[in-house]
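Participant: Mind looking over this structure? Questions follow.
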Amino acid sequence: MILKIVKYPEPVLQQPGEPVSEFNSELRKLVADLFETMYASQGIGLAAQQVGVAKRVAVIDLSQAKDPAQKLVLVNPEVIFQEGKQYEEEGCLSFPDIREKVSRAAKVRIRAQDEKGKWFEMDGEELLSRAFQHEIDHLDGMLFIFRMSALKRDLNLRKIRKMQREGKW
Ligand code: NI
C-alpha cells in the first residue's frame with residue numbers, strides 16, 4: 001500500500017525510532033509499504049518516520065526497483081565503522097525540491113537486522129554510504145537539513161517557509 005510521506009516540519013520526523021523487537025507480519029507489512037511508497041516517489045531510501053511511524057526501520061534500493069538484489073531492509077541499523085569524508089548533493093522525500101551538499105563519511109560499515117531478525121553487516125561507499133547515513137539519521141530523528149552549513153540550512157528553511165505561505169509545500 002502506498003502511504004503518505006510526511007514533510008518537514010511534521011514532528012514525527014524528529015522523533016527517534018523505537019527499536020524493533022518483534023519480527024512479525026506487522027513489520028513485514030511496514031517494510032512492503034515502505035518499498036511501495038519509496039518506488040512511487042522515485043526515491044532510493046525511505047525511513048519509517050517518513051510515513052509517520054517512529055520505529056527503527058528503513059529501506060534502500062539504489063536501483064529504484066530495477067535490480068532485486070539491491071533491495072535492502074535495515075531494521076535496528078547502526079554505523080559500526082566509518083572513514084574518510086565525502087561532500088555530495090542529497091535530497092530527501094520529506095523535503096521536496098530541496099537538494100544540497102552534505103558532508104558525510106566516505107565509507108561506512110553498518111550492522112542491522114533483516115525483516116526476519118537476522119543480523120548482518122554491510123559495507124557501503126559513495127552513494128550507498130550516503131544512503132546508509134541519511135536513513136540511519138532519520139531513525140535517530142536527525143534530518144539532512146541539520147547536516148548542512150548554517151548558511152545553507154537557513155536559506156532552505158526560508159525557502160520552505162515561503163513555499164508553505166504560497167501553499168506549495
Ligand atoms: Ni530522507
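The values are calculated or read from the model by the stated rules, or taken from the named source; none is laboratory data. Please read these numbers as outputs of a predicted model, since none were measured by experiment. Positions of Cβ are generated from backbone atoms using ideal geometry, with glycine treated the same way; all protein chains shown enter the neighbour counts. Side chains are part of the model used for accessible areas, which takes the heavy atoms of the whole protein and leaves out ligands, DNA and RNA. Shrake-Rupley method; radii C 1.70, N 1.55, O 1.52, S 1.80 Å.
Participant: Which residue pairs have Cβ atoms under 8 Å apart, sit 6 or more places apart or on different chains, and have a first residue in region 89-110 that is over 20 Å from V51 (Cα atoms) and a second that is part of a loop (DSSP other than H, G, I, E, B) and within 12 Å of the ligand (Cβ to nearest atom)?
Facilitator: Once the first residue is over 20 Å from V51 (Cα atoms) and sits in region 89-110, its partners that are part of a loop (DSSP other than H, G, I, E, B) and within 12 Å of the ligand (Cβ to nearest atom) give E89/R99; R99/G91.
Participant: For S63, all conditions in the list (1) closer than 30 Å to K168 by Cα; (2) more than 16 Å from the ligand (Cβ to nearest atom); (3) open to solvent by 50 Å² or more (accessible area, probe 1.4 Å) hold save one; what is the number of the exception?
Facilitator: (3)
Participant: Another question, if that's okay. At pLDDT below 95 and basic (K, R): is that true of K118 in this structure?
Facilitator: It is false that K118 is at pLDDT below 95 and basic (K, R).
Participant: For the condition within 22 Å of Q50 (Cα to Cα), open to solvent by less than 60 Å² (accessible area, probe 1.4 Å) and touching a Cys at 6+ places or on another chain (Cβ under 8 Å), what is the one hit in F144, F132?
Facilitator: Matching residue, one of F144, F132: F144.
Participant: Related question: F23 - would you say it is assigned to a loop (DSSP other than H, G, I, E, B), more than 14 Å from the ligand (Cβ to nearest atom), surrounded by 15 or more Cβ atoms within 10 Å (Cβ to Cβ) and of a type outside the set (A, V, I, L, M)?
Facilitator: In short, yes.
Participant: Still on this model: Answer with yes or no whether V6 is touching a helix residue (DSSP H, G or I) at 6+ places or on another chain (Cβ under 9 Å), closer than 18 Å to I136 by Cβ and not acidic (D, E). Break it down into steps so the answer makes sense when it comes.
Facilitator: Values: touching a helix residue (DSSP H, G or I) at 6+ places or on another chain (Cβ under 9 Å): yes; closer than 18 Å to I136 by Cβ: no; not acidic (D, E): yes.
Spelling it out, it is not the case that V6 is touching a helix residue (DSSP H, G or I) at 6+ places or on another chain (Cβ under 9 Å), closer than 18 Å to I136 by Cβ and not acidic (D, E).
Participant: For region 97-162, please list each of the strands (runs of 3 or more DSSP E) lying entirely inside it that holds at least 3 residues being more than 14 Å from the ligand (Cβ to nearest atom) and in contact with an Asp or Glu (Cβ under 6 Å, 6 or more places away or on another chain).
Facilitator: Details: elements: 100-104, 107-113, 119-125.
The qualifying strands (runs of 3 or more DSSP E) are 107-113.
Participant: Picking from Q82, Q50, which residue would you name as being touching a residue at least 24 places away in the same chain (Cβ under 8 Å), out of contact with any strand residue (DSSP E or B) (no Cβ under 8 Å at 6 or more places or on another chain) and closer than 20 Å to V102 by Cβ? Walk me through it before giving the result.
Facilitator: Values: Q82 fails: out of contact with any strand residue (DSSP E or B) (no Cβ under 8 Å at 6 or more places or on another chain).
Matching residue, one of Q82, Q50: Q50.
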